[in-house]
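Here's the structure, in structure tokens; my notes come after.
Rule-based calculations on the coordinates, nothing more; no lab input. On a predicted model such as this, the values are computed, not experimentally measured, just so you know. Heads up, the Cβs are rebuilt from the backbone with ideal geometry, glycines too, and the neighbour counts pull from every protein chain shown.
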Amino acid sequence: MLVTVDGIVIGRRTIGENNCFIDVLTDEYGVIEATAHGIRKLTSKNAGACGLFSYSRFCFAKTGVKYTLNSAEPKYSFYGISADLEALSLAAYFAEVLKDTATAEQESKGLIRFMSISLYEIEKRRLPLSQIKAVFELRLASMLGFAPDLRACRECVCYENEEMYLDFSDSTIICGSCAKGKSGELEMLAPSVLYAMRFIVYSPLEKIYHFSLPAVQLAKLSEICEKYLLGQLERSFRSLDYYKSIVI
């Protein structure tokens, strides 16, 4: 049978001289691993549409659980990302996380749009990469069903307090008054950082990058969002280690 879907290439692996495996993020089928015959030939009509981070319309021949590329039509290429090593390594981190979390053969509504918005922000560099990274990590955690409850203190239900903490142990916030004597892995949140986290989690997808923070607060936001996502997934990523090694 033939399967036609929109998708973003988030991984490529060479097979022999001219062929590749491509990992394609889709909304309908999660991540599809497909064989692309002859894709590395200079004469391949599908080469442009199957480049890393290309957003394309794909037609696959499906036999059981195996996919083979039939044709591909490019819709948008985030080619500019490859011109900057930091940008490319951050995009590779996003791709590795999605390959790990988007289950094959299961619907993943919204991930294509989310990834395309994130890649666009990386390519255009209108925001610090640390901000793009933080937004991606916290919003993805929310989309995967791990959203922290940032609405109010879990004990007294106050929305704001002089001191507010994120409790990593149960993904809630608690105010300074209620936190006294409580156990848990608490991280104090500056008001601007808490506001940014609420904005990321609760805003419409097209607005999640539309905020700014001073450098110090942005660094803290980046630290918290990374820790939160990795804690929920209970793993680390080699691409993240590489990204951090070239940024520091």
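Couple of notes before you dig in:
- Calculated over the stretch 153-248, the projected area of the Cα convex hull averaged across directions stands at 7.5 nm².
- Residue-count net charge about ARG198 - beta-carbon cut-off 14 Å; Lys, Arg +1, Asp, Glu -1: +1
- Between helix 85-101 and the chain there is an angle of about 90 degrees, using the helix long axis and the longest principal axis of the Cα atoms.
- The angle between the Cα long axis of helix 215-233 and the main principal axis of the chain comes to about 70°, on a 0 to 90 degree scale.
- Shown in residue order for the stretch 27-44 are the 3J(HN,Hα) couplings computed by the Karplus curve 6.51 cos²θ - 1.76 cosθ + 1.60 at θ = phi - 60°: 7, 7, 10, x, 9, 9, 9, 10, 8, 10, 6, x, 5, 8, 6, 5, 8, 5 Hz (x for Gly and Pro).
- Our coupling estimate for the stretch 175-184, obtained by passing each phi through the Karplus curve with A = 6.51, B = -1.76, C = 1.60 and θ = phi - 60°, is 7, x, 5, 7, 7, 4, x, 8, 8, x Hz, Gly and Pro reported as x.
- All aspartates and glutamates inside 13 Å of LYS109 as judged from Cα atoms, apart from same-chain residues fewer than 8 positions distant: ASP6, ASP27, GLU28
- C-alpha long axis of helix 238-247 to longest principal axis of the chain, angle in °: 70
- The separation of the stretch 9-44 from the stretch 183-211, counted between C-alpha centres, amounts to 36 Å.
- Legend: residue pairs LYS45/LYS244; LYS45/LYS75; LYS133/LYS182, Cα-Cα distance threshold 25 Å; pairs beyond threshold, LYS45/LYS244; LYS133/LYS182.
- Estimated from helical segments only, the mean residue ellipticity of the chain at 222 nm is -11500 deg cm²/dmol, where each DSSP H run of four or more residues counts as -39500 (n - 2.57).
- Ascending count of other beta-carbon atoms within 10 Å, so fewest first, for MET188, MET197, MET164: MET188, MET197, MET164
- Label-point separation, THR14 to GLN106 (7 Å along Cα→Cβ), nm: 3.4
- Distances between every pair of Cα atoms in the stretch 2-81, grouped in 5 Å steps from 0 to the bin holding the largest one, split as 3, 18, 30, 29, 15, 4, 1, 0 percent.
- Of (1) 27, 23, 18; (2) 38, 18, 15; (3) 24, 22, 18, the label for semi-axes √(5λ) of the Cα gyration tensor in Å derived from the coordinates: (2)
- Volume of the convex hull of the stretch 47-128 (Cα atoms only), normalised per residue: 105 Å³.
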